[in-house]
1. If we only count helices (runs of 4 or more DSSP H) wholly inside region 177-291, which ones have 3 or more residues that are away from the ligand (no atom under 13 Å from the Cβ), open to solvent by 70 Å² or more (accessible area, probe 1.4 Å) and under 30 Å from residue 98 (Cβ atoms)?
2. Give the number of residues within region 65-102 that are touching a Lys or Arg at 6+ places or on another chain (Cβ under 7 Å) and among the aliphatic types (A, V, I, L, M).
3. Against the condition touching a residue at least 12 places away in the same chain (Cβ under 8 Å), touching a helix residue (DSSP H, G or I) at 6+ places or on another chain (Cβ under 8 Å) and surrounded by fewer than 16 Cβ atoms within 10 Å (Cβ to Cβ), how does residue 123 come out, does it pass?
4. Test each condition in (1) surrounded by 15 or more Cβ atoms within 10 Å (Cβ to Cβ); (2) more than 27 Å from residue 165 (Cβ to Cβ); (3) of a type in the set (Val, Ile, Thr); (4) more than 9 Å from the ligand (Cβ to nearest atom) for residue 36 and report the one that comes out false.
5. Return only the number of the condition from (1) within 21 Å of residue 48 (Cα to Cα); (2) open to solvent by less than 10 Å² (accessible area, probe 1.4 Å); (3) more than 12 Å from the ligand (Cβ to nearest atom) that residue 141 does not satisfy.
Amino acid sequence: MDAFEKVFEAKLEAEEKIEPKDWMPEKYRKTLIRQISQHAHSEIVGMLPEGNWITRAPSLRRKVALLAKVQDEAGHGLYLYSAAETLGVERATLLDQLHEGKAKYSSIFNYPTVSWADIGAIGWLVDGAAIMNQVMLTRASYGPYARAMVRICKEESFHQRQGYEIMMTLSNGSEEQKAMAQDALDRWWWPSLMMFGPSDKESTHSAQSMAWKIKRKSNDDLRQQFVDVSVPQAEYLGLKIPDDKLKWNEERGHYDFGEIDWDEFWNVIKGNGPCNEERLAARVKAHEEGEWVRDAALAYAEKHSNKQKVEA
Ligand code: BYC
C-alpha cells in the first residue's frame, strides 16, 4: 500500500469523509460515478410516471402536492449530477449515456401508472423503499454524495407521507376506491422489493462498496427492513400484501416473504420492461426540446463572464 492509499484507508477507518480533492483509488471514483449517475438518472426518469398524473389529479390540493413532489425529483437529479461532476465527469456525458440506453436507472420506473391509486402506491412504497436505502447513504464515505442525501431524504419523507395519505383516503373510501388501492398495491409491491437490487449472493458490487463504506447495509438487509416496516402499514390501511408466504417469524424477529421473480427483474434492467422504451423516448424528447434553454443559459453565462472581464 502506498502512502496515498494509507491516508485514504485511514480516513475511511476514522469515519472521515473523502472529499473531491482527496486522493482516491480509481476504482472507488468509478464506482461512485456509476452509482451516483444511476441514482441521478433514476430521479429524472422517476418524474415521468408521476408527471403522467399531474393534469388528472383529483383535486387542486392533490395537484399542488404532486407538482411539488415531481419538482423535488428534478432537484434531486441536479444535486446528484453535481455530486457526480465533483468526480471529474461531465453532466452532458452522463446524460448522453442515459439517452443512448447505455446507463442504468432504477427498474421501478419501467412500470406504468394506470390509475390515480398508483400515485399513492408510488409515494408509499417506492419513496418508502428509496428512503430506506438512502438513509444509509447519508453516511456514505464520499462527502458530496452523503451531503446530497441528507436533503434528499428529508424531501423523500414528505413524498412518502403524500403517498400514504392518498392510500388512506382511498382505503377509507367507497368499495371502488378501496379496490383501486388494493390493485395498486398488488402491482407495485414486488417491483418495490426489486428496487433494493439483486440478492446479496448475486450482487456484484456490494462487498467492495461496503468495504469502501459507500454502502452501509446489504441489499437483502434493506429489503427485509422495508418488508418489516411496510406490513403493519398495509394492515393499518386494511389492504393485503400480495404474498401468500408473508408470515411473521418469531425466531428471526422478521417477516418471512416469498421469492422475488428475478427473471422479471433482470429482464426489466436489460431494457425489456413494460415502459423502458417509452421512458427513454420521453427523456430524449425532453432533452432535445430543452436545447434552447441550455443554449440561452450558456449565452447568458458567456455574456456575464465577458462583462466581468471588461470590468476587471
Ligand atoms: N434497478 O451489485 P449490485 C427514487 C444493477 S430513485 C436497476 O447490487 P450496487 C425516486 C446495479 O446497478 C431511487 N439496476 O449494485 C425517484 C448493477 O449494475 P452495473 C434510486 C439495478 O450498486 C423519483 C447490477 O444491477 N436509488 O427514489 O452495489 C420518484 C448489480 O447490482 C437495480 C438509488 O439509485 C435496480 N433496482 O447496488 C420516486 C440509490 N439494482 O452498474 C422515487 C443508490 C441493482 O454493474 N444506489 N441494479 O451495470 C444504490 O444504493 C445501489 O446502486 C443499489 C444497487 C442498491 C441500487
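The values are calculated or read from the model by the stated rules, or taken from the named source; none is laboratory data. The model shown is predicted, which means the values in this text are computed figures rather than measured ones. All Cβ positions, even for glycine, are placed from backbone atoms using ideal geometry, and neighbour counts span all protein chains on display. These accessible areas exclude ligands, DNA and RNA; they are computed on the full protein's heavy atoms, side chains included. Shrake-Rupley method; radii C 1.70, N 1.55, O 1.52, S 1.80 Å.
1. Working: elements: 206-211, 219-237, 262-267, 276-289.
Counting at least 3 such residues, we get 276-289.
2. Looking only at that region, the number is 2.
3. no
4. For residue 36, the exception is condition (4).
5. For residue 141, the failing item is (1).
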